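Below is one structure, written out as structure tokens; comments come after it.
The values are calculated or read from the model by the stated rules, or taken from the named source; none is laboratory data. The structure presented is a predicted model; accordingly, all values stated were derived computationally and were not measured. Cβ coordinates were reconstructed from backbone atoms using ideal geometry, including for glycine residues, and neighbour counts include every protein chain displayed. Surface areas here come from the heavy atoms of the whole protein model, side chains and all, with no ligands, DNA or RNA. Shrake-Rupley method; radii C 1.70, N 1.55, O 1.52, S 1.80 Å.
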Amino acid sequence: MADHPRFGPAGVPPSFRFMKATLTEVPRLLQEEGLDAFEYEAVRWGKKPQIKKEDAEELALAAEKNDVWLSMHGSYFINFCGEKQILEASKQRLIACAIAAKWMNARVVVFHPGFYGQKSHKQAFDICLKALRETVDAIQSLGINDVKIGPETMGRLYQLGSLDEIMKLCEMVEQTQLVIDWSHLHARDQGRFTKVDDFRKIVETIEIRLGAEVAENMHCHFARIEFASKGERRHHTMDETRYGPEFEMLAKVISEFKLKPVIISESPILDIDAARMRDIVQKEWSKS
Ligand SMILES: [Zn+2]
């Protein structure tokens, strides 16, 4: 459970890459920017961890030393609504992520559940639910009990991942973590966040369905987002104000409910906008 809202980038910030920082140096550099979370991107991974165990353990030590909470974004090559072969490969990819997440002491592996394809939403959901349960069983049988598996709300209409579906998965499968990508919800529903109450309603719904503790400790993704009729197109920086949603509104709700989420910035300028989100929340918090 986070002690306060935490902020950090989705992946290594461009400026760190520019200075040729090693992965182990990332937590210290984030701490110097006043950030305290980092989402490691395992998004291109296949069926085996693509980081050495020693490197993952070194990252864990550096993160602990610099008070940076780690999460992992799991492989994009997962489809828990597919046919048998696809399901099996998807499970192995998520298991590989969980194994490495344990090495690096990441608290959650975020993942995109899958695609409806030709199936009805109900059929696709049932297949996904079963695959997720089997994956969690497999992870537990490997002795991994402290890494949560986090299905994420998705931004495109052909992806499984409405708020309701994600809450259901979290209700029905153990060792899961609610992951709210606010931008995806905004894009999926053609710009649903226009006032503070639109954010408040989501938090209230989560409280009712999953409990106050789950709401308080949600894992979040945020960036301004461009969308079209089928949903998400691309993320934008905080300065590109023609795109929503407005982080200030979410910050008001975080402060009102005293939430302690981990908020991962998916803006093109990852860490810079993460720091801006932090400042906005701190400002709201200090008013309350
Ligand atoms: Zn994602």
### Query
On the first, second and third principal axes, largest extent first, how far apart are the outermost C-alpha atoms of the range 206-288 in Å?
33, 29, 18
### Antiparallel DSSP beta bridges within the range 85-192, as percent of all bridges there, nearest 5
25 percent
### Message
Pairwise over distinct Cα atoms, reciprocal of the mean inverse distance: report the Kirkwood radius of the range 141-285 in Å, one decimal place.
### Response
15.5 Å
### Message
Around His73, under 12 Å between beta carbons, what's the net of Lys plus Arg minus Asp minus Glu among the other residues?
### Response
-4
### Query
R0 = 30 Å: FRET efficiency of Asp3 with Thr24, Cβ-based, nearest 0.05?
0.80
### Query
If you bin every alpha carbon distance in the chain into 10 Å steps from zero, what whole percent lands in each bin?
7, 30, 38, 22, 3, 0
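Return an integer: the convex hull volume of the alpha-carbon atoms of the range 1-132, in Å³ per residue.
Residue-normalised Cα hull volume stands at 119 Å³.
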### Message
Using protein chains only and a probe of 1.4 angstrom, how many square angstrom of Met172 are accessible, to the nearest 10?
### Response
80 Å²
### Message
Could you work out the relative contact order of the range 14-147? I mean the mean sequence separation of Cα pairs under 8 Å and 6+ apart, divided by the number of residues, in percent.
### Response
25 percent
### Message
If DNA, RNA and ligands are ignored and the probe is 1.4 Å, what is the ranking of Thr24, Thr135 by accessible area, most exposed first?
### Response
Thr24, Thr135
### Query
D for the range 38-103, whole µm²/s, Stokes-Einstein with Kirkwood Rh over alpha-carbon pairs at 4 °C and 1.567 mPa s: what number?
104 µm²/s
### Task
Can you tell me the equivalent ellipsoid semi-axes for the range 184-251? Use √(5λ) from the Cα gyration tensor, largest first, whole Å.
23, 13, 11
### Query
For the range 1-52, what ratio Rg/Rh do Cα atoms give with a Kirkwood hydrodynamic radius?
1.01
### Message
As an exercise, take the mean of 1/r over every pair of distinct alpha carbons in the range 118-161, invert it, and state the Kirkwood radius in angstroms.
### Response
12.0 Å
### Query
In what order, largest first, do Trp182, Trp285, Trp69 sit by accessible area if the probe radius is 1.4 Å?
Trp285, Trp69, Trp182
### GNM flexibility winner over the chain from Val109, Val253, Val262 (Cα, springs under 10 Å)
Val253
### Message
Given the -39500 (n - 2.57) contribution per DSSP H run of 4+ residues, what per-residue ellipticity at 222 nm results for the chain, rounded to the nearest 500 deg cm²/dmol?
### Response
-14000 deg cm²/dmol
### Gaussian network model of the chain, Cα within-10 Å springs - most flexible of Ala60, Ala251, Ala228
Ala228
### Task
Could you run the Karplus curve 6.51 cos²θ - 1.76 cosθ + 1.60 with θ = phi - 60° over the range 62-78 and give me ³J(HN,Hα) per residue in whole Hz, x for Gly and Pro?
5, 5, 5, 4, 9, 6, 10, 7, 9, 10, 10, 8, x, 3, 6, 8, 10
### Task
Express as a percent, rounded to the nearest 5, the fraction of DSSP beta bridges in the range 119-256 (both residues included) that run antiparallel.
60 percent
